[in-house]
Amino acid sequence: MLKDRITITPEVYWNTTTDLLYLSNIPTTTGYTQQMQNIGQVTNRGFDLTINAQIIQRPKAYFNATFTFGANKTRIDKLNGRKMCFG
């Protein structure tokens, strides 16, 4: 269509990251005040849509336009070993 002058690229992703490191306070009786701990899990999901169009295509000149739209949703699944509930 239109001699391949328009391209549409959809992308969808869903990613879960576990063992998120967080600097936590610990009892000073251990000899330290803080410790890095694996306490979380986060999920990211979303999509991106890119539309590229060659508006003017001449031998000595060209004009391209690109439109990109994306949406992302991040959710905290677990924090400090507890499952998170959101109403």
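What are the residue pairs meeting all of these: first residue in region 1-17, first residue at pLDDT 95 or above and in a strand (DSSP E or B), second residue among the basic types (Lys, Arg) and surrounded by 10 or more Cβ atoms within 10 Å (Cβ to Cβ), Cβ atoms under 6 Å, and 6 or more apart or on different chains?
TRP14/ARG45
What is the one condition in (1) on the phi < 0 side of the Ramachandran plot; (2) surrounded by fewer than 10 Cβ atoms within 10 Å (Cβ to Cβ); (3) not aromatic (Phe, Trp, Tyr) that ASP19 does not satisfy?
So the condition that ASP19 fails would be (1).
Among the listed residues THR68, THR33, identify the single one that is under 20 Å from the mean Cα position of the chain (by Cα), of a type in the set (Val, Ile, Thr) and modelled with pLDDT of 90 or more.
Working: THR33 fails: under 20 Å from the mean Cα position of the chain (by Cα).
Only one candidate qualifies: THR68.
I'm trying to understand the selection: among the residues of region 1-41, which are closer than 30 Å to ILE55 by Cβ and charged (D, E, K, R)? Steps first, please.
Going residue by residue through region 1-41, those that are closer than 30 Å to ILE55 by Cβ are 1-13.
If the condition is that a residue be closer than 30 Å to ILE55 by Cβ and charged (D, E, K, R), then LYS3, ASP4, ARG5, GLU11 are the ones that fit.
Could you please let me know if THR29 is assigned to a strand (DSSP E or B) and of a type in the set (S, T, N, Q)?
Values: assigned to a strand (DSSP E or B): no; of a type in the set (S, T, N, Q): yes.
No.
The values are calculated or read from the model by the stated rules, or taken from the named source; none is laboratory data. Because the structure is a prediction, the values reported are computed rather than measured. As a convention, Cβ positions derive from the backbone with ideal geometry for all residues, glycine included, and neighbour counts pool all protein chains shown.
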